[in-house]
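One structure is given here, and the rest of the page talks about it.
The values are calculated or read from the model by the stated rules, or taken from the named source; none is laboratory data. Note that this is a predicted model, so its numbers are computed, not measured. Note: ideal-geometry Cβ built from the backbone for every residue, glycine included; neighbour counts use all protein chains shown. What goes into the accessible areas is simple: the full protein's heavy atoms, side chains included, and nothing from ligands, DNA or RNA. Shrake-Rupley method; radii C 1.70, N 1.55, O 1.52, S 1.80 Å.
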Amino acid sequence: IAQQLAAQGTDIAFTYQGEALERRVRPLIESIGMSTMISADVTNDAEMDTAFAQLKEKYGTIDFLVHAIAFAGKEELQGSFVANTTREGFRRAMDISVFSFVDASRRASEIMNPGGSIVSMTYLGAERVVPSYNVMGVAKAGLEAATRYAARDLGVKGIRVNAISAGPIKTLAASGIGNFGKLLAYNAHHAPLRRNVTIEEVGNAAAFMLSDLASAITGEILYVDGGLNT
């Protein structure tokens, strides 16, 4: 998404949580000629206050927000959803994967220009049972519901809110899901296009949803999965 937005001439600020993730984000930022990095732990209100204050100071107003963050404990992405989901694990998954979207959308909307766009990342496990997805599927279902409610609330400001349901892709986040290789193989075999999607295709879809080309689209889940959802 960042690469495609940069190709379209946008100026992008990146947020990260902790030094380990900063080291992963920095090479991407440098590769597309950007430089703005802001620490933003979504579980820390004070840090989020500072992050958005820095954004406002640097840009004044913004045009879009991409919410691309989720978390669930690795042990809860194995075996039985009912047996392995703990109270704390459920709370953390919902806090980081869903509430962070609500919180960031509220903060962003306060400095976002009319016609702005918010896009988050979801997955088919929100509406269908996917092996090993477990509590993350429940969290993504919450994220998709939050997308619709946020679209209603922010539409009066001219801000659109949508989510992209991407097919499975080998990413850092996907590495925590058990038997992910089998999931890729299943998708490639059963999707109408008979293949998996690429990160470039997801980036193209996000650039479209964030642009004025999608000016009448809000509250939607855009499937970029080769048609598997059908």
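When the solvent-accessible area of segment 61-135 is split by element, carbon and sulfur atoms take up 58 percent of it, the probe being 1.4 Å. Model label sites at Gln8 and Arg128, defined 7 Å from Cα along the beta-carbon direction, differ in position by 2.8 nm. Remark: segment 5-10, residue by residue, has Karplus-estimated 3J(HN,Hα) of 5, 5, 5, 8, x, 7 Hz, where x stands for each Gly or Pro and the curve is 6.51 cos²θ - 1.76 cosθ + 1.60 at θ = phi - 60°.
Of the residues Thr43, Thr122, Thr218, the one that moves most in a GNM of the chain with alpha-carbon contacts below 10 Å is Thr43. Around the amide H of Tyr223, modelled in the peptide plane, lie the amide H atoms of Ser165, all under 5 Å away and 5 or more residues distant in sequence or on another chain.
Between Ile111 and Asn179, the distance separating the two model label sites (each 7 Å from Cα on the Cα→Cβ line) works out to 4.5 nm.
Taken one residue at a time, the phi angles of segment 122-137 give Karplus couplings (6.51, -1.76, 1.60, θ = phi - 60°) of 10, 7, 4, x, 6, 10, 10, 6, 10, x, 6, 7, 6, 5, 5, x Hz. Gly and Pro are set to x. Label sites at Glu57 and Arg194, each approximated as a point 7 angstrom past Cα along Cα to Cβ, lie 5.7 nm apart. For the options Arg148, Arg195, Arg23, a Gaussian network treatment of the chain with springs between C-alpha atoms closer than 10 Å singles out Arg23 as fluctuating the most.
When the trypsin sites (Lys or Arg not before Pro) in segment 106-147 are filtered for DSSP coil states and for at most 12 other beta-carbon atoms within 10 Å of their beta-carbon, the remaining sites are Arg128. For segment 151-167, 3J(HN,Hα) computed residue by residue from phi via the Karplus equation (6.51, -1.76, 1.60; θ = phi - 60°) reads 4, 5, 5, 8, x, 5, 8, x, 9, 9, 9, 9, 10, 10, 9, 8, x Hz, glycine and proline entered as x. To the nearest ten degrees, helix 180-190 and the longest principal axis of the Cα atoms of the chain are 80 degrees apart. Can you tell me which of Pro168, Pro114, Pro27 moves the most in a GNM of the chain? Springs connect C-alpha atoms under 10 Å apart. For the chain, modelled as a Gaussian network with Cα springs under 10 Å, the answer is Pro27.
Under 21 Å Cα-Cα from Lys157, which lysines qualify once same-chain neighbours fewer than 8 residues away are excluded? Within the straight-line limit of under 21 Å, Lys157 reaches these lysines: Lys56. Taking a ≥ b ≥ c as the square roots of the eigenvalues of the Cα gyration tensor, segment 98-230 is classed as prolate, since a/c reaches at least 1.5 and a/b is larger than b/c. Amide H contacts under 5 Å for Val161: Ile118, Gly219, restricted to partners 5 or more places along the chain or on a different chain, H placed in the peptide plane at 1.01 Å from N.
Counting only Cβ charges, +1 for Lys and Arg and -1 for Asp and Glu, the dipole size of segment 95-230 around its Cα centre is about 220 debye. With the dipole of segment 91-183 worked out from charges on the C-beta (+1 for Lys and Arg, -1 for Asp and Glu) around the Cα centre, which of Phe180, Phe101, Gly125 lies farthest toward the positive end? Ranked along the dipole, the leading option is Phe180. Given R0 = 22 Å, the distance between the Cβ atoms of Asp153 and Met37 translates into a calculated FRET efficiency of 0.15.
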